[in-house]
Amino acid sequence: MSRLDLKRFTFMQLMELDACTRCGECVTWCPTFAEKEQLDAITPLRKIEAVRGFVNQQYGLRARIFGARPIDETAFRTHSSGTYDCTLCGRCGVVCPVHIDTRSLWIAMREQLVDQGVYPDTMDHLRKTVTTSYNISGDDNANRLIWSQNLKQIPDGVGKKQHAETVYFVGCVASFYPQSYSVPQSMVEVLEHAGVDYMTMGGEEWCCGFPLIIAGMGDAAVECVRHNVEAVRKTGAKRLVAACPSCYHTWKDEYAHILGEPLGFEVLHATELLAEIVGKLSLKPLDDTVTYHDPCDLGRTSGIYDAPRAVIRAIPGAEFIEMADHHEYSLCCGGGGDVEMADKDLSAAVADRRVQQAADTGAKYLLSACQQCTRTLAGAARRNKVRVRSMDIVELLAKQLA
Ligand code: SF4
Ligand code: SF4
């Protein structure tokens with residue numbers, strides 16, 4: 001193993017490694033550790049302790065006097081398992097009394113693990129797939145609009161327009177996973193109903209780069225970032241709307257930073273646009289109870305809690321019930337952080353717990369605003385024979401269109 005590259009951490013992150021008081025509050029809130037207690041290395045506390053120890057061995061006072069000590073490979077491998085068995089849900093950061101930005105710290109740790117070549121093989125597969133196919137599934141990227149094939153009528157905004165005020169960035173999951181096709185189908189139905197001037201980009205849409213960035217392989221995402229921004233600029237759009245919270249966060253918070261310049265257009269999450277246009281929709285009443293799962297990248301990462309709730313409350317007759325954990329304390333669905341690729345069983349166990357919370361509300365619909373959450377929670381509901389219908393907010397809106 002080569003010497004650790006401290007440049008992977010910001011100055012603030014190096015301070016955060018020292019600032020951790022070892023109080024352990026984060027440990028009790030970590031949803032992955034709750035399901036895999038035999039792997040102590042998952043906990044935020046242990047991840048920080050481990051890296052602080054590695055850094056001290058190589059850059060501490062003793063290292064400066066007597067030379068850097070080599071890192072124990074077994075300890076480094078254990079640290080890698082814990083760091084990749086984290087959904088990056090950010091719940092630990094919410095409860096940390098010294099406000100450590102844990103999610104960013106875990107990504108920096110992954111970057112360092114990639115530098116050292118100590119990471120799950122599945123991440124190599126992911127990198128190869130995204131950088132050669134420009135999507136996460138390895139499908140032919142020209143088929144990005146395959147979900148539109150069974151629409152009664154394909155609107156002009158889907159594949160025919162070259163210019164529009166709003167670009168709808170569909171995202172890899174909704175484009176290529178058949179169980180999610182109904183999200184873009186519903187989205188275009190609602191946009192048509194509200195008279196929005198929108199367009200999709202078809203094969204010119206590439207993966208947003210998020211899965212690579214969180215894998216610690218952000219360098220490999222730059223080509224996707226450059227391509228996507230150029231493609232949107234060519235449309236002359238004033239704004240881009242993403243239905244996937246991870247795409248949204250990457251566009252909103254990472255792209256300008258990676259490019260080193262402003263994008264030149266606004267970035268919205270679908271629920272923000274829906275909250276703006278829901279008053280224009282004519283909706284049938286829904287005589288049922290609904291609950292809402294805050295996607296981690298929409299809530300904790302991006303601070304969007306009100307827009308999805310405003311849309312749900314605008315559906316006449318819908319009775320809204322919060323789950324036990326909601327807003328910034330929301331439980332993760334288990335589908336984040338590339339954990340599904342690194343440890344499928346762990347991802348499923350986290351989802352099972354969240355679905356149980358939904359079942360406890362007695363709601364008929366478990367709504368979310370993320371295709372990945374909806375898919376993971378639907379799987380958990382099936383596995384556990386829980387009678388709750390997992391769907392995206394926009395799917396329910398489209399179902400209620402009068
Ligand atoms: S981000 Fe979530 S899964 Fe990862 S350590 Fe923090 S609480 Fe646990
Ligand atoms: S809550 Fe914060 S200060 Fe306490 S152990 Fe966790 S990371 Fe450290």
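Taken together, the values in this text are just the output of simple stated rules run on the coordinates, not laboratory data. Given the structure is predicted, the values throughout are model-derived calculations rather than measurements. Ideal geometry is used to build each Cβ from the backbone, glycine not excepted, and the neighbour counts take in all protein chains shown.
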*asked:* Give me the percent relative contact order of the range 6-119, please, defined on Cα pairs under 8 angstrom at least 6 residues apart.
replied: 32 percent
*Derived scalar couplings ³J(HN,Hα) [the range 369-379; Karplus, 6.51 cos²θ - 1.76 cosθ + 1.60; whole Hz; x for Gly, Pro]*: 9, 7, 5, 5, 4, 4, 5, 5, 6, 5, x
*How do Lys385, Lys161 line up, fewest other C-beta atoms within 10 Å first?*
Lys385, Lys161
*Considering the zone a paramagnetic label at Lys280 would reach in this model (a point 7 Å from Cα along the Cα-to-Cβ line), which residues of the range 147-179 have amide N under 18 Å from it?*
155-158, 161, 163-169
*Kindly provide the helix-only [θ] at 222 nm of the chain, computed as the sum of -39,500 (n - 2.57) over DSSP H runs of four or more divided by all residues, to the nearest 500 deg cm²/dmol?*
-13500 deg cm²/dmol
*Grab every C-alpha pair in the chain, bin the distances at 20 angstrom width from 0 up to the longest one, and report whole percents.*
27, 56, 16, 1
*Long pairs among Lys128/Lys364; Lys36/Lys128; Lys152/Lys385, criterion Cα-Cα beyond 31 Å*: Lys128/Lys364; Lys152/Lys385
*May I ask you to sort His99, His227 by Cβ crowding, counting other Cβ atoms within 10 Å and putting the fewest first?*
His99, His227
*Which value in nm describes the separation of the simple spin-label points at Thr21 and Glu328, placed 7 Å from the Cα toward the beta carbon?*
1.7 nm
_Cα-Cα pairs of the range 6-119 separated by more than 23 Å (percent)_ = 24 percent
*the range 129-276: relative contact order as a whole-number percent, Cα under 8 Å and 6+ apart*: 25 percent
_Positive-end residue of Val173, Cys244, Gly264, charge dipole of the chain with Cβ unit charges_ = Val173
*Return the single residue from Asp197, Asp287, Asp124 with maximal mean-square fluctuation; model: Gaussian network over the chain, springs between Cα atoms under 10 Å.*
Asp287
_With θ taken as phi - 60° and the coefficients 6.51, -1.76 and 1.60, list the Karplus ³J(HN,Hα) couplings across the range 21-26 in order, rounded to whole Hz; mark glycine and proline as x._
8, 6, 5, x, 4, 4
*asked:* So if I place +1 on the C-beta of Lys and Arg and -1 on the C-beta of Asp and Glu, and nothing else carries charge, what would the dipole magnitude of the chain be about its Cα centre? I want it in debye, nearest 20.
replied: 220 debye
_Between helix 121-133 and the chain: long-axis angle, C-alpha atoms, 0 to 90°, nearest 10_ = 50 degrees
*Dipole of the range 6-119, positive end: most advanced residue of Thr78, Leu17, Ala41 [Cβ charges, Cα centre]*: Leu17
*If you average 1/r over every pair of different alpha-carbon atoms in the range 270-389 and take one over that average, what Kirkwood value in Å do you get?*
14.7 Å
*Can you quote the Å³ per residue value for the convex hull of the Cα atoms in the range 1-57, rounded to an integer?*
105 Å³
*What angle, in degrees between 0 and 90 and rounded to the nearest 10, separates the Cα long axis of helix 182-194 from the longest principal axis of the Cα atoms of the chain?*
50 degrees
*Rank Gly90, Gly67, Gly279 by mean-square fluctuation in a GNM of the chain with C-alpha springs under 10 angstrom and give only the top-ranked residue.*
Gly67
_Residue-span extension gain [Ala75 to Ile154] - 0.36 nm each, minus C-alpha spacing_ = 22.9 nm
*Relative contact order of the range 1-57, pairs being alpha-carbon contacts under 8 Å that are 6 or more residues apart, as %*: 34 percent
_Nearest 10 degrees is fine. How inclined is helix 73-84 to the longest principal axis of the chain, computing both from alpha carbons?_
20 degrees
